[in-house]
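Here the structure comes first, spelled out in structure tokens, and everything after it is commentary.
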Amino acid sequence: MLETLVSTWSGPDANMRAILEIARAEIAAIGLEPTLNEELMAVSARNGRGGVLFNGHLDTVPAGQGWTRKTGDLDGSVLYGRGTADMKAGCAAMLAAAKDLKSRDVPFALLFTTDEETTMRAAKKLEGSALVKKAAAVVVGEPTDLAIVGSEKGIVWFEVTTLGKSAHGSMPHLGENAILKMMKMLAAFEPYTRPRDFLNEVTVNIGAIDGGSKPNVVADLCAVDLDVRYPPHLSKEDAVRLVESTTRIIGAPDIQIKHEVPAVQVNENSDHIRRMKEIAGPAVRTVAYGTEMAFYAQSNPRCLVFGPGAPEQCHVPDEHVDLSHVDRAAEIYAKYAEALAPR
């Protein structure tokens with residue numbers, strides 16, 4: 001099942017209908033009635049009412065460069081390919097667990113989205129749905145090394161633009177170079193790129209930059225994309241204030257928010273976490289990356305992230321997952337759904 005999902009390309013440029021059709025067919029083969037949301041390009045299904053909701057995303061980031069392995073290469077129990085760890089392994093484990101749960105008529109639900117790596121629009125739209133709100137718990141199957149994740153940092157993406165004044169490249173003193181202004185501003189962000197404790201501090205990644213037009217023209221415009229991550233004890237407003245105060249070194253550049261995901265901190269002593277600890281182990285972690293849990297937790301606090309694969313395998317060349325992790329995740333998902341099934 002995982003090999004089929006991984007061999008079906010679902011990067012940003014893909015038609016997601018292909019991967020959704022595979023998921024829909026797998027769900028139907030289990031004996032459930034899949035519901036395809038054409039607007040959100042998501043598929044869901046349920047067995048009974050009030051059970052655990054298993055959520056995963058079927059889309060991936062681009063393949064990128066530097067690969068030494070081909071998609072579908074199998075080395076022992078290790079499978080290679082974009083999306084193996086992030087997070088088609090989790091989706092495959094959920095489908096395997098669903099087959100077992102359906103055979104024993106244990107209540108549960110499935111929800112697979114296709115825009116997690118881009119907009120998370122489906123999660124935003126579905127956070128208030130009965131599927132999410134009434135679930136006994138929501139399990140997001142991102143790669144966690146089979147550890148429980150109950151908290152994650154918030155995300156704000158900024159586009160910051162500096163303005164200058166164009167002039168002929170032979171007389172740069174007559175203009176005002178927007179790129180030079182940007183360089184001065186970015187230097188002020190450097191301390192936030194090297195945190196001592198990245199889980200508990202605000203971090204800033206300078207992800208992309210675009211400025212100027214030609215070598216013989218003084219650049220009158222420069223724009224940069226910043227990825228700001230803040231821990232759960234801070235807020236989006238704290239992230240905004242940090243960017244505004246740091247950019248003040250060059251005056252008042254234009255600042256726009258392009259994307260945001262709220263931080264999440266789930267009560268580690270809650271019943272749904274305690275039950276997962278009993279099955280999967282006692283440790284509960286915080287992660288720096290954002291997941292769809294950030295939105296589901298707004299209407300259902302009974303959320304957690306748990307899945308096969310290593311977080312370090314996300315978005316890297318030669319991404320891979322150990323198939324033994326997938327088997328173990330499926331077992332844990334089934335036990336968890338059974339433990340939280342309505343009595």
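Brief remarks follow.
- Among the criteria (1) out of contact with any strand residue (DSSP E or B) (no Cβ under 8 Å at 6 or more places or on another chain); (2) at pLDDT 95 or above, the one Thr35 does not fulfil is (1).
- Some residue of region 90-107 being surrounded by 23 or more Cβ atoms within 10 Å (Cβ to Cβ), out of contact with any helix residue (DSSP H, G or I) (no Cβ under 8 Å at 6 or more places or on another chain) and either of a type in the set (A, V, I, L, M, F, W, C) or touching a residue at least 24 places away in the same chain (Cβ under 8 Å) (or both): no
- Checking Gly307 against (1) surrounded by 20 or more Cβ atoms within 10 Å (Cβ to Cβ); (2) in a helix (DSSP H, G or I); (3) of a type in the set (Gly, Ala, Ser), the condition it does not meet: (2)
- Residues being outside any helix (DSSP H, G or I) and under 25 Å from Met293 (Cβ atoms) - total across region 82-114: 11
- Breaking point among (1) assigned to a strand (DSSP E or B); (2) of a type in the set (Val, Ile, Thr); (3) closer than 19 Å to Ser129 by Cα, for Thr286: (3)
- Of all residues in region 310-343 being outside any loop (DSSP other than H, G, I, E, B), among the small types (Gly, Ala, Ser) and over 19 Å from the mean Cα position of the chain (by Cα), the one that is nearest to Leu101 (Cα to Cα): Ala334
- A single member of Glu190, Glu159, Glu201 is part of a strand (DSSP E or B), more than 30 Å from Ala329 (Cβ to Cβ), within 33 Å of the chain's Cα centre (by Cα) and not small (Gly, Ala, Ser), and it is Glu159.
The values are calculated or read from the model by the stated rules, or taken from the named source; none is laboratory data. Quick caveat, the model's predicted, so the values are computed rather than measured. Note that each Cβ is placed from the backbone with ideal geometry, even for glycine, and that neighbours are counted across all protein chains shown.
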